[in-house]
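Structure first, then comments.
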Ligand SMILES: NC(=O)c1ccc[n+]([C@@H]2O[C@H](COP(=O)([O-])OP(=O)(O)OC[C@H]3O[C@@H](n4cnc5c(N)ncnc54)[C@H](O)[C@@H]3O)[C@@H](O)[C@H]2O)c1
């Protein structure tokens, strides 16, 4: 084990460096922060004062405690002041030459056994280490933004890193009250590698007109329960930073999942870098503000109320029951046909029919006293097209093709797919899969009905997985691939995503929660289904293995 770390240096007191200084000082370490000139040093002191003031006002620190924290911090402009520190964390801008300059200068200043760490998000630690005379003392120490809040620190080792150094840094991270994940050097490490595959897939949906800006973010924040939608997150990170990190990851993976997006490059070239410039995917009140401003892409209000008071539900399972209750609670007159094979004429006067039969149920079950009969969905939609009047919205809440049913019903402008998602901490989403000819009346009516039953509508093209399943399963499959490549284990990947990105659970906990067979089925469809043949989305062999052998990923036998 390396020597104890009690005095640390942090170089660069910008977004990350100032937060890292605070983390160290709040856990009792003596910290020397270095900036490039006196003006920036003063700005760094100001950031630390303001941040600890906020901690006091929120009751996380008392005034005496704040003074003790500030007394542990020295801010200087002289690198030489780091001569006696045990650890240096570099947090200067993401430019290799700058990192080499800093590490090269440290060679002549710090003691031989000082640990040298970089907070880089995307540069190779191996390459950074090549800029010092002591690569065995170098690790990555990747804090997440905001450093005082997010609990994860990725500790990145290279082939040359002394195991004692990695052990000492891991121990320090634990002493800081954070979660260390020790991994090898690879583009994007764990968190950004998985995050950027997902962000790129989401951005491509926007670029291809699959879904609109607001609906895309609602899908992932409300529908999947993530802390924020992908476009909001990219605007926060900075689109130039996203472009850069995306390039680094694509340079390593060469996967179509990471192919740089022309839309992102154009947005960056146009000077729209996200919140910091006041315009990115969204517009903000002013540069630096997080408050949205309307712009030419802001959707118009949902429109005049569509007269729709009566709803029909066809099917007898739990989904049908849930929908009936929700519609009734919202004040709709509901006609519930549990026997889908019976007479449908009672649906002649409703404004919306939702088919919600239990999928895969054996139609002969009725003969043996089982639930009411299930009907072939093609027949059902053909007949619904006849018994209901033009303008009545026809929807399936099952995973059928909306495009096929639109053709079969003979009323393509009225026919859609609905996908009811389980509620998350942020609410509930019902996705609406539309075809090219779905009418505006149908979409307006559905947005209003979905809003009235307490959920949020997300409208997208009717393609495999719509928005939420397509993005989640692609990301989950990517995590399984990372595991299969032995880059990181189940627990480390789950910890990284949960504590670094603030997701409600890690990918492997999520796969076990959804069911690996279900994830596999969607992954298979995504690679060959209605989104076109996309071999790079093919299920990971390890996912198939877990399904065939019925192994969970988390806990017990499935743990890797
Ligand atoms: N911003 C994030 O969300 C985030 C998250 C994780 C990691 N990172 C990584 O952290 C590092 C810093 O990013 P940031 O967002 O804090 O950048 P930043 O631009 O906000 O801060 C960098 C600071 O370094 C200072 N600096 C530049 N050269 C210096 C020198 N020679 N000596 C001392 N100070 C110097 C600058 O004046 C500036 O204050 C980058 O490698 C970045 O990839 C950023």
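Can you tell me which residue within segment 395-425, out of those that are part of a strand (DSSP E or B) and in contact with a strand residue (DSSP E or B) (Cβ under 6 Å, 6 or more places away or on another chain), is farthest from residue 378 (Cα to Cα)? So the residue we want is 420. Taking the criterion of being outside any strand (DSSP E or B) and within 12 Å of the ligand (Cβ to nearest atom), the residues of segment 50-79 that qualify are 77, 78, 79. Remark: pairs (first residue in segment 365-394, more than 15 Å from residue 408 (Cβ to Cβ); second residue modelled with pLDDT under 90 and outside any loop (DSSP other than H, G, I, E, B); Cβ separation under 7 Å; 6+ apart in sequence or on different chains) = 371/365; 372/366; 373/363; 373/366; 374/363. Residues that are over 21 Å from residue 489 (Cα atoms) and in contact with a strand residue (DSSP E or B) (Cβ under 8 Å, 6 or more places away or on another chain) were ranked within segment 123-149; the one that is nearest to the ligand (Cβ to nearest atom) is 128. Given the condition more than 16 Å from the ligand (Cβ to nearest atom) and either farther than 30 Å from residue 126 by Cβ or more than 32 Å from the chain's Cα centre (by Cα) (or both), answer yes or no: does some residue in segment 91-109 qualify? The answer is no, given that none of the residues of segment 91-109 is more than 16 Å from the ligand (Cβ to nearest atom) and either farther than 30 Å from residue 126 by Cβ or more than 32 Å from the chain's Cα centre (by Cα) (or both).
Could you tell me whether segment 419-436 includes any residue that is under 22 Å from the mean Cα position of the chain (by Cα), buried (at least 22 other Cβ atoms within 10 Å of the Cβ) and touching a residue at least 60 places away in the same chain (Cβ under 8 Å)? Looking for residues that are under 22 Å from the mean Cα position of the chain (by Cα), buried (at least 22 other Cβ atoms within 10 Å of the Cβ) and touching a residue at least 60 places away in the same chain (Cβ under 8 Å), one finds at least one in segment 419-436, hence yes.
Criterion applied to 41, 25 was being part of a helix (DSSP H, G or I), away from the ligand (no atom under 12 Å from the Cβ), modelled with pLDDT of 95 or more and in contact with a strand residue (DSSP E or B) (Cβ under 9 Å, 6 or more places away or on another chain), and the one residue passing it is 25.
Scanning segment 5-22 for residues that are touching a residue at least 40 places away in the same chain (Cβ under 8 Å), in a helix (DSSP H, G or I) and within 12 Å of the ligand (Cβ to nearest atom) gives 15, 16, 17, 19, 20, 21.
Residues that are at pLDDT 95 or above and not in a helix (DSSP H, G or I) within segment 503-549 comprise 503, 504, 505, 506, 515, 539, 540, 549, listed in sequence order. Listed by position, the helices (runs of 4 or more DSSP H) inside segment 179-245 whose residues that are without any contact (Cβ under 8 Å) to a residue 60 or more places away in the chain and within 16 Å of the ligand (Cβ to nearest atom) number at least 3 are 230-237. Only a single criterion out of (1) surrounded by fewer than 23 Cβ atoms within 10 Å (Cβ to Cβ); (2) within 18 Å of residue 5 (Cβ to Cβ) is not satisfied by residue 137, namely (1).
The set of residues from segment 299-349 being out of contact with any strand residue (DSSP E or B) (no Cβ under 8 Å at 6 or more places or on another chain), more than 17 Å from residue 448 (Cα to Cα) and assigned to a loop (DSSP other than H, G, I, E, B) comprises 316, 317, 338, 339, 341, 342, 343.
The values are calculated or read from the model by the stated rules, or taken from the named source; none is laboratory data. The shown structure was predicted, so the numbers you read here are calculated from the model rather than taken from an experiment. Cβ sites come from the backbone with ideal geometry, for glycine too, and all protein chains shown count toward neighbours.
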